[in-house]
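Here's the structure we're looking at; comments come further down.
The values are calculated or read from the model by the stated rules, or taken from the named source; none is laboratory data. Keep in mind the model is a prediction, meaning the values are calculated, not measured. Virtual Cβ from ideal backbone geometry, glycine too; neighbours counted across all protein chains shown.
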Amino acid sequence: MKIIVAGEAKEVKDGLTIAQLLIDEQVETPEYVTVTVNDDFIDSSKFEITNLQENDTVEFLYYMGGGRYVVY
Amino acid sequence: MSFTNEQLERYSRHIILKEIGAKGQKKLLNAKVLIIGAGGLGAPTAMYLAAAGVGTIGIADADEVDLSNLQRQIIHATKDLGKPKVQSAKETMNDLNPDVQVNTYHTFMTSENIREIIRDYDFVIDGTDNFPAKFLINDACVMEKKPFSHAGIIRFKGQLMTYVPGEGPCYRCVFKDPPPKDAVPTCKQAGVVGAMGGVIGSLQAMEAIKYIVGKGQLLTGYLLTYDALTMEFRKIKLPHNTENCPVCGTHPTITQLIDYEQAECDGAL
């Protein structure tokens with residue numbers, strides 16, 4: 001199925017979970033990323049059980065502080 | 001209030017704009033903006049707002065100017081090393097524009113002082129570099145019903161969003177809590193290109209100016225991200241279902257400000 005991730009169309013397997021998408025997209029700190037699907041914030045406790053649907057629009061929003069420290 | 005001849009000339013490029021004009025320039029001269037953090041983001045923001053004739057600018061920072069700051073914090077100069085950043089910033093702003101009343105706060109913002117300080121201002125700029133401060137500023141602005149501009153920069157990336165009370169998500173809607181102190185395995189100095197502060201800080205100044213003159217669309221309900229390496233700007237629409245937010249939602253559970261602890265990291269930059 002086709003989904004949009006961070007503005008780009010991707011072909012992924014049907015029913016892909018957000019947790020798996022975070023791995024596939026090599027998101028560095030998945031525990032600290034905010035995920036939105038279409039017009040909803042998805043709670044991180046739901047990443048494993050949320051299956052994406054055809055044409056879903058997914059965004060990853062990252063914490064960004066200053067140049068002084070980064071969290072790994 | 002009428003303009004002096006000097007002001008007419010100084011602000012002529014604003015006054016000529018139909019979106020600003022004499023009316024907008026008067027709004028700027030009557031406006032009060034608080035900038036929290038006189039660092040990479042706060043420096044360009046403060047300079048552009050001072051140059052623009054924002055009549056009262058508050059600047060808050062507890063630090064002194066350090067040599068490693070000068071790669072990006074362009075409001076400070078080599079002669080200012082060791083000086084409180086707020087003092088150095090005030091001098092630069094007043095050199096740029098004596099019209100501006102600069103109020104300095106040489107202190108950390110905490111749950112004890114922030115609400116009282118921001119109460120006097122029309123718009124707040126978050127130019128801080130750490131998450132405890134960012135959440136504190138967000139919550140205080142929500143509680144005091146003050147609009148503010150959030151921004152963060154790291155390496156070659158930056159982001160910003162604008163909160164206006166009642167008009168879309170706050171910072172906590174998007175990022176629920178600071179990264180937990182104990183859950184952070186290690187921290188590294190990240191580094192940042194100096195010009196990132198110029199790009200993102202200037203955008204924060206732009207948001208403040210648009211808010212004050214009441215023109216254009218603000219970044220409310222959007223997160224703007226910038227990647228300097230790929231030269232991509234993305235304006236990401238944020239969800240508007242904010243009713244469950246613990247601070248700006250319909251039934252807030254955070255009603256007192258929280259002083260989070262900063263994660264311990266090796267070696268201050």
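Only residues that are within 11 Å of another protein chain (Cβ to nearest Cβ) and either under 22 Å from B:Leu49 (Cβ atoms) or modelled with pLDDT under 95 (or both): list them for segment B:193-221, please. Matches in segment B:193-221: B:Val193, B:Gly194, B:Met196, B:Gly197, B:Ile200.
To keep it simple, each residue is scored yes or no on (1) exposed (fewer than 14 other Cβ atoms within 10 Å of the Cβ); (2) in contact (Cβ under 8 Å) with a residue 24 or more places away in the chain; (3) under 22 Å from B:Asn244 (Cβ atoms).
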residue	(1), (2), (3)
A:Lys10	no, no, no
A:Asp24	yes, no, no
A:Glu28	yes, yes, no
A:Val37	no, no, yes
A:Ser45	yes, no, yes
A:Ile49	yes, yes, yes
A:Asn55	yes, yes, no
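Among the residues of segment B:145-155, the ones that are surrounded by fewer than 20 Cβ atoms within 10 Å (Cβ to Cβ) and over 17 Å from B:Gly168 (Cβ atoms) come to 1 in all. Under the condition of being surrounded by fewer than 19 Cβ atoms within 10 Å (Cβ to Cβ) and either assigned to a strand (DSSP E or B) or among the aliphatic types (A, V, I, L, M) (or both), the residues counted in segment B:240-249 number 0.
Counting only strands (runs of 3 or more DSSP E) that fall entirely inside segment B:138-239 and contain at least 2 residues that are closer than 26 Å to B:Leu70 by Cα, the qualifying elements are B:148-154, B:157-163, B:222-227. For beta carbons closer than 6 Å, sequence separation of 6+ or different chains, a first residue in segment B:54-71 that is in contact (Cβ under 8 Å) with a residue 12 or more places away in the chain and a second that is part of a helix (DSSP H, G or I) and surrounded by fewer than 18 Cβ atoms within 10 Å (Cβ to Cβ), the qualifying pairs are B:Gly55/B:Asn30; B:Gln71/B:Gly194. Consider segment B:174-184 and keep the residues that are closer than 14 Å to B:Asn244 by Cα and facing chain A (nearest Cβ under 7 Å). The one that is modelled with the lowest pLDDT is B:Phe175.
Looking at the structure I just gave you, is B:Leu257 away from chain A (no Cβ under 14 Å), touching a helix residue (DSSP H, G or I) at 6+ places or on another chain (Cβ under 6 Å) and not acidic (Asp, Glu)? Let's see the steps before the verdict.
Working: away from chain A (no Cβ under 14 Å): yes; touching a helix residue (DSSP H, G or I) at 6+ places or on another chain (Cβ under 6 Å): yes; not acidic (Asp, Glu): yes.
Yes: the conditions hold for B:Leu257.
For the criterion of being modelled with pLDDT of 95 or more, closer than 27 Å to B:Met231 by Cα and aliphatic (A, V, I, L, M), B:Ala190 fails.
Just to check your reading of the model, which residue among B:Val33, B:Val65 is of a type in the set (A, V, I, L, M) and farther than 21 Å from B:Ile209 by Cα? Among B:Val33, B:Val65, only B:Val65 is of a type in the set (A, V, I, L, M) and farther than 21 Å from B:Ile209 by Cα.
Counted as qualifying within chain A are the strands (runs of 3 or more DSSP E) with 3 or more residues that are within 11 Å of chain B (Cβ to nearest Cβ) and either at pLDDT 95 or above or within 30 Å of B:Ser68 (Cα to Cα) (or both), namely A:33-37, A:57-62.
Restricting attention to segment A:6-61, report how many residues are among the charged types (D, E, K, R) and within 19 Å of B:Pro239 (Cβ to Cβ). The qualifying residues number 6.
Total residues in segment B:87-104 satisfying the condition of being more than 16 Å from B:Ala43 (Cβ to Cβ) and of a type outside the set (Asp, Glu): the figure is 3.
When B:Ala62 is tested against (1) modelled with pLDDT under 95; (2) in contact with a Ser or Thr (Cβ under 6 Å, 6 or more places away or on another chain), just one condition goes unmet, and that condition is (1). Evaluation of B:Met143 against the conditions (1) in contact (Cβ under 8 Å) with a residue 12 or more places away in the chain; (2) within 12 Å of chain A (Cβ to nearest Cβ) shows that the sole unmet condition is (2). Pairing residues of segment B:172-196 that are among the small types (Gly, Ala, Ser) with residues that are loosely packed, with under 14 Cβ neighbours inside 10 Å and modelled with pLDDT under 90, at Cβ distances under 8 Å and at least 6 apart in sequence or on separate chains, gives B:Ala183/A:Glu31.
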